[in-house]
1. What tally of residues in the range B:465-501 results from selecting those that are within 12 Å of chain A (Cβ to nearest Cβ), in contact (Cβ under 8 Å) with a residue 12 or more places away in the chain and over 17 Å from B:LEU451 (Cα atoms)?
2. Given the residues A:SER275, A:SER339, which is the only one that is among the polar types (S, T, N, Q), more than 14 Å from chain B (Cβ to nearest Cβ) and within 22 Å of B:SER759 (Cβ to Cβ)?
3. Taking the residues in the range A:383-418 that are more than 30 Å from A:TYR22 (Cα to Cα) and within 17 Å of the chain's Cα centre (by Cα) as candidates, determine which candidate is surrounded by the most Cβ atoms within 10 Å (Cβ to Cβ).
4. Please determine whether any residue of the range B:398-411 is within 23 Å of A:PRO316 (Cβ to Cβ), surrounded by 14 or more Cβ atoms within 10 Å (Cβ to Cβ), within 14 Å of chain A (Cβ to nearest Cβ) and over 57 Å from the mean Cα position of the chain (by Cα).
5. Mind listing whichever residues of the range A:177-198 are among the hydrophobic types (A, V, I, L, M, F, W, C), at pLDDT 85 or above and closer than 15 Å to A:ILE114 by Cβ?
6. Surrounded by fewer than 24 Cβ atoms within 10 Å (Cβ to Cβ) and touching a strand residue (DSSP E or B) at 6+ places or on another chain (Cβ under 6 Å): is that true of A:ASP293 in this structure?
7. Restrict the check to the range A:264-276 and report whether at least one residue is at pLDDT below 90, out of contact with any Phe, Trp or Tyr (no Cβ under 7 Å at 6 or more places or on another chain) and either in a strand (DSSP E or B) or among the aromatic types (Phe, Trp, Tyr) (or both).
8. Does A:SER133 satisfy being closer than 29 Å to A:ARG97 by Cβ and surrounded by 24 or more Cβ atoms within 10 Å (Cβ to Cβ)?
Amino acid sequence: MASTSAPGGASHPVIFTTESPYSLPSQKFMIPLDWKRYQLSQLVNKALSLAKPVPFDFLVHGEILRTSLGEWRTEKGFGEEDTLEIEYFESVLPPQRMTTLPHKDWVSSISCRIPQHFLTAAYDGHIRLFDYSQNMVRDVPAHLAPVTSVCVVPSQGSIDGSVVVASASHDLTATLTRISLEPDAMEPYQALASLHLHTSPLSSIASDHSGSYLLTASWDHLIGFWDAKIPLEDEVAVETGDRKKRRKVGGGAEAERPKRKAPVTVLKSHTARVSQALFDPGSTRKAYSCGFDSTVRTWDVESGVCMDTISVPERPMLDLAITPDGNTALASSTDRTVSVFDLRSPSLSSTTGTLVHPSTPSCLVCSGTRPNPSNDAPLTPASAPQIVTGAYDGIARLWDLRSMKNAVASFKAWDGTMKILSVDRVGEVVGVGGEGGVEVWRVGQGDRVLAK
Amino acid sequence: MAAAKRDTVRAVQKKRKERDPEEDQKDAFPEAVGLEMMSDEESHGGEDDGDVESDEEVDQFPEIDARSDSDSDEESNWDEEGEDSGDDDGDEEKRTLASAPDSDSGSDIHMFPKAKTIISEVTGHPKRVYPEIEPDYESDSSTEDDPNRVGDIPMHWYDDLPHIGYDINGKRVLRPAKGNELDRFLETVEDPNSWTSALDKNTQMDKPLSPGELDIIRRLQLGENPDAGYDPYEPTVEWFTGKGKEEVMPLSGAPEPKRRWLPSKWEKQKIMKIVRAIRLGRIVGSKPTTAGDGPRFFAIWNEPSSTQPPPLPAPKPSLPTHAESYNPPEEYLPTETERKEWENTDPEDRERNYLPQRYSALRLVPAYDQFIKQRFNRQLDLYLAPRIQRTRLNIDPNSLIPKLPSPSSLRPFPNYRSLKYTHTNGQVRCVSVSPDGAWVVSGDDNGIVSLWEVNVGHEVKRWALNSKVGTVEWCPRTDASYFVVGTEDKLHFIIPPNLPLAVLRSTQSTLAPATLPPVTQASVKWSSTPGIEDGVILTIFLPPTSGLPRQVTWHRKGDYLASVSSSESQGGVWIHQLSRRHSQAPFKKIKGAVQLVLFHPIKPHFFVATQRYVRVYNLAEQKLIKTLMPGIKWISSMDIHPSGDHVIVGGYDKKLCWFDLELNDKPYKVLRYHTRAIRSLHFHPTYPLFASSSDDGSIQIFHGRVYSDLMTDPLIVPLKILRGHNVSDGLGVLQVKWASKQPWLVSAGADGNVIVWCS
C-alpha cells in the first residue's frame, strides 16, 4: 500500500493481522508514533476502502491499545527496529440499554434462550416470561421458596408454541414446567415433574444442548444427573408427615400433581457447596462443575466419575462458564477474580489467567455457551470468545480473552447501586438480572452483525 | 623529745614527792614562821631568786664538764645528768607552781584565814597580814584524831556488823544510832543545817559541811577555780622592767665560757663509741625494706624483645584539605542553610568540626575560638575528670519492629466488602451465622429478625418480634436447625424455612416434643404454644424484670444454652437444658455484674466474665478453677479458641487481651489497636483467624495461630483493618461473626448495616 512512507516524525514498523473478515495483505507499515486507535482504525478503513466505516480495536501483545503507539512503546521498552505485530478486530460499540423489566423481588436467574423472550426466575418463587416489548407473558408460581436458577430445556419433539423450563429452588427441589408461549393458551403452564434428591437448597440447574439431560447442583455437595423425560409414575415416594408441603403443592386433584422424579446418577466428589454444574457444549456425557471447595471438576456423567479436578487454593467459586469450543473454562470466585482454565492443557491445575474485578463477580456467561438450536443464527467459530460478567457492584463487564488486563467494555445496571446476580447473552442482547429486576442491554459486536 | 622529757619530769616529781614531807615542812616552815620573809620575797626576792638560779646554773655546768671528761661510766652519767637536770627543772617548777597552793593549802583545810591588808611600817607599801596561827592541835587538821582507824577501806565491809571500825586502841567503834526514816525526815526538817551536811564515811554520821567546803562546792557549781584565793586578774608585778628597774649594768661580767665555741669532747667520745661499735659490728643497721624485691636498678633493655607484633602506629592525621584553607574556593563555602544546619546539630553529630570560612588574607584570620575550650577539655581528660557523655544509640528503627510474617503470606483472610444487608431502621445489635455457613440471622432494635443468605444477601424470611432483639444465636447442632432470639425477658426458638424433612422433624421433636417433661420450676416458664410469629416454636419466659438477654451462648453439643440478662440485680445467668426443658441459675450469688459467659469447647468448664475478671468454673465439680485478670476496667467481649486453651478478652477501654490458659492468669499479649471501645470478638472455628470490632467503626482481622507444641508461643499477626461501617451515636460495629467454613466475616453495625467481608 501507499502508506508505507512516514508522514514525518518517528515511526515504527508494524504488520497488521486479523481474524476478522477484514484482512489486509500482510505488509509492513511504518506507523507514526503519535497515532492512536482512531488513526489506526481510519487507516484500516481506508486501506480496505470500506463503504461504511467500521471501528476497529487494536491488540498489541495481548493488550488493547489505549494510548498512542509511542507511549506504548516507551512503556513496554519495545525495540525501535523490531517489527510490531498488531492484531485488529471490530471494536465493541458502547453498550446501550434497551429495556428494563421491573420485578418485585430480586431476579436470581435470567435466560434469553427462548427466541424473542426473556425468562426470569425471582426470589419470590415465580418464573416469569417476558417478550421483547416488555410485556409479561407468563407468571408461573413454580416454587414456594426462592428460585435460584432457571434454564430452558430444548425439546425437539415438543408441542409447538410451548417450552419446557427447568428451575431449581431453595425448597430443595427442581421442577420441570411447560410454559405456553401463546398469549391466550388454554393451559398457560403446567408443572410436569419435580426432581427430588437434594437436602439443601439448589444452586443451579442446567440442561445439555439436546435437552435430554439435566444437571442440578446443590449446597449439599451433590450434583444430580437427570434425564428430562417425564415419568408416568412417582419415582420417589411422597414423604409422609410433610403435610404442609403436600397441601400447598398439591392442593387440587392427584393427577395434576407433578410427578416426582429421581436422579439417574448422583455425582459425589465435591467437599463443599456446588455452585454450578454445566454440560460440555458439544457432548452429553461430559460435564463440569465448580464449588466452594475451590475446584473445577470434570465429570463423566454416565458413569458418575470425576475425571479431573482443577484445584486452586482458597478461591470459592460462584459461577462457571465453558467456551463454545469446550476448551476453556471460566470460573468466578469470591476473591474478586474470574479464573481462566485451559481444559486442554495437560497440567490442569494451572490457571492461564485471571480477570480481576473490583467486586465479587457473581455470574458470568460466555458468548454462545448454551446454544439454542431453535436459534437459526449460525455460531461463528469461537474466534473471539467474549465473556460478560456481572458483579455485586452493579457493573457488567465485557471481556475479551485475548486481553485479560482490562475489560473491553462495561456498563452499569441500575446505576451501579444494586447487585447483579445473573447475566445471559444471546447475540448482542445481554440480559442482566439482579437486585433491581432485569435490564436488557445491547452490546455491539461487529462480526456478528456482519454475519447476519 | 619533748614528750620524753615530760615523762622524766613526772618521774622526778614522783620521786620528789616521796621526800615531800621534809621539803613541805621546809617550805611550810618559813611561811609559818616568818611573815617578814614572805614580805621580803615579795619585795626583794626577785633579785635574790635570779641570783640563786644563775648561781646554781653556773655551779652545775662545771660539774657536767667534769663528768664528761671521765670515760669510765658514761651511761650512768647520762642518766644522772638527765635526772639532775630534770630535778632542777622540777624543783624550779615545783617551787614556782607550788608557792601559791602551799601557802593556800593550809587555808583550804581550815577556815580561810582572812588576810588583812595593812600599810607596812617599814616599807610604806600595803601588805597582807594573816592572823596568827596557834601551833596547837586545833591548828592542824592532820593531827585531829579520827576515832575510826580502819583506814581507807570500803566501808560496806562493816555493813553487817554492829561496829564500823576500830579506834586507836583497838576498841570497836560502834555504829552510831540511826533513827528510822521518819526520824531522819524530821531531822532534815528541824535541823536548819541538814541540807549543808554530808555523810562522813568513817564515822557513818552526817557532818555539817564547813563554810570553806561549801564555798568550794559553790565555786565548782559556778565553774570557777575552787581556790578562793586565786585571782585570775592579778595585777602585773613589775619585777625587772618598768620604772626604776632599768638595768644599767649587765647581770654578770663573766667571760663567755669555752664550751660555747669548743666542740664537746664527751659528745665526741660518745659518737666515737658508737662508731667503734658499728665497726666492730655490735650495732647492725636495720635491713633495707626492699631487700627481697630484687635489684633496685635493672637494665630495661636487657629483656629479650617480645614476640608479639609491635603495636600499630597511630594513624596519621589526614592532611588539611581545601575546605580547611583560610581562603577556600567558592564551592567549599557552606550555604546559609548548610551553616544553619551545622549550627543546629550537636557537636558530636557534626560531620566535620569546623565550618569553612573565607578570609582575604592570612593576617585577618582570628584567633582559634575553640582554643580555651579544647585546652580545658584536654585537661579534664588528663585529670580523668568524669563528664556526662551522651551515648548515641545507632539503632535502626526497623530492627525494633518484631519480625512478623507478611500478611500476604497468611491468606486467606477477609479483605473487602462483598455485600451489605441493610436493616432499614434501627441498630443491628446481633448477628449469627448458621453452622453450615450459608445463612445469617440478624436482629435489630425494632424487633426485626432477618434470615438471609451469606452469599447473595437476599432476605429469605423476616420475623417481627416487636421487642428489641438483644441477641441471636444459631444452635450448633447439625441434625437440627434452629436459632435462639433473645428479646425482653424472653428467649424465642425459631426454625428457619426450607429445611429437609429429616432435619425439620428432629428440630421439632427437640423443641416441641410430643411428651412434655413435668414442669419443675416456676420462675422460668417454657412454652411451646405457637407464638407471635410463624416459626417461633418455643419460648422461654425468663423471670420478669430480668431485662434484655445480653448474650446467649450454646454448649457445643447444642443441648445446653446459657443466657445472660442485662439486669444486674439478679445475676441474670441461666443455663437452660433443652432435652429436659429445665432452666437453672448456676450461681446463687456472684461478685460483680456478669457481662458474658462461655462454655469451654471441650471440657466441662464455664467462663464467666464480670466487669473486671474472668472466672473459670468447673461445672462437673462445681468449683472455681482460676481467675483471669485481664487488667481491663470493663470487659465487653470474650471468646475462646476452638482448641480451648486460649481466650481473648476485649474491653471498653480499647484493650484486647490474649490469655494462654496453660500459661498464666495474666494476659500473654495485650493489643491496643482500636481507638474506641471494643465491642465484639470472635475466633474463626477452622481458620487461624480472629476478629475484633470496635466503636470506631473498624474491624480488625488478626492471624492467631496456636501451636500444639506447648513450647511455642501463639503467633498473633494483625492482618487487616476493615472499614465500612459508619459510627452512629458513638456506636460502631456491634458484633462480628465468622462464617464457619469460609474465611468470611459478617459484621453488624449500629448504622443498620450487616456487611459480609470476603477474602
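1. 2
2. Answer to the check: A:SER339.
3. Across the range A:383-418, the extreme among qualifying residues is A:GLY390.
4. no
5. A:ILE179
6. No: the conditions fail for A:ASP293.
7. So far as the range A:264-276 goes, no, none of its residues is at pLDDT below 90, out of contact with any Phe, Trp or Tyr (no Cβ under 7 Å at 6 or more places or on another chain) and either in a strand (DSSP E or B) or among the aromatic types (Phe, Trp, Tyr) (or both).
8. So A:SER133 fails the test.
The values are calculated or read from the model by the stated rules, or taken from the named source; none is laboratory data. Remember, it's a predicted structure, so these values are computed and weren't measured experimentally. We place every Cβ from the backbone using ideal geometry, glycine too, and count neighbours over all the protein chains shown.
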